[in-house]
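Notes follow the structure.
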Amino acid sequence: MTKTLYAEFTVKPGSETRVAEMMRELTRLVRSEPGNELFLPYTRDTNPREYFVFEVYRDEDAFQEHITADYGRTFNAELAGHIEGDGSALTWLRPVG
């Protein structure tokens, strides 16, 4: 069964450029993971500091590979200093039907 999640975070003022660079690089790396089916980062049209990321992984094993990747740990460690709050808010999703 696929693993699907939606992540949200808000970037601190002054960190917009750095986080955009980080997200471009992370997107490239995650999309190259064999078990990644979808990785779509967005910002809110009316507030580009608000990020929304829709992610789909083939299965639990693929998701575990994703969250243990070195580049993901590096990304999350740096991101923590650039966002408001304690981290990304994650919403786990499942298909209807």
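What follows is calculated from the coordinates using simple rules that are stated; it is not laboratory data. Treat the numbers as computed from the prediction; the structure is a model and nothing was measured. Note that we place each Cβ from the backbone using ideal geometry, even for glycine, and neighbour counts take in every protein chain shown.
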Inset, instruction - May I ask you to list pairs of residues, at least six apart or on different chains, whose Cβ atoms are under 7 Å apart, with the first in segment 66-91 being within 20 Å of Phe52 (Cβ to Cβ) and the second being outside any loop (DSSP other than H, G, I, E, B) and among the charged types (D, E, K, R)? - result: His82/Arg18; Ser88/Glu8; Ala89/Glu8
Legend entry - Matching residues, segment 33-84, being within 14 Å of the chain's Cα centre (by Cα) and among the aliphatic types (A, V, I, L, M): Leu38, Leu40, Val53, Val56, Ile67, Ala69, Ala77, Leu79, Ala80, Ile83
